[in-house]
């Protein structure tokens, strides 16, 4: 028995096989990890690009409607704000939630106040750092955040904002906040597939 053990221990072929198997496992693990990272990054990039396009269109439409409402009564402007929120928000599940927030820019002392957040979303869901960047930039600005509802619900989200001028009310910041619940589910599925892939191969 000792002779057999000694031969096995000193066998070059077995050492080569063992080294090859070990190297294959390491390479497979690294490759799977890289692939998982690339897939996750791809999902995030696609969702971000789609959200930016949608937000740009929504805010542009709002700006156009506000422009048409110049010189109109406050009641007309209020209806425009309500219509913008109604057309841009969703009343579906958290996975597809999309909310709108209007914040009055600092220094705006106009009497009319159109600050609002749709569907009981807490306005503090908009990070102060994002608000500062919106006020300094003429184009869209975005930041990942948490959608905190006054009902206690909390969802990961993406906030995209830009400055807008509301008739008779001055400068405001308009934000479109997209739920990332579906994205998180997709990323979890990608990670789960990566973790179970070696097991599936063995079967």
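Derivation of every value follows stated rules applied to the coordinates shown; laboratory data play no part. These figures come from a predicted structure and were not determined experimentally. Counting neighbours? That spans all protein chains shown, and the Cβs are built from the backbone with ideal geometry, glycine included.
What the table below lists for this structure:
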quantity: Cα→Cβ-extended label distance, 7 Å offset, between residue 156 and residue 110, nm; calculated: 3.7 nm
quantity: Residue 144 paired with residue 72, simple spin-label distance in nm, labels 7 Å along Cα-to-beta-carbon; calculated: 3.9 nm
quantity: Fewest-first sequence of 73, 44 by Cβ atoms within 10 Å of each Cβ; calculated: 73, 44
quantity: Globularity ratio of region 41-185, using Cα Rg and 2.2 N^0.38 Å; calculated: 1.01
quantity: Highest-first arrangement of 173-179, 161-167, where packing means the average Cβ count within 10 Å; calculated: 173-179, 161-167
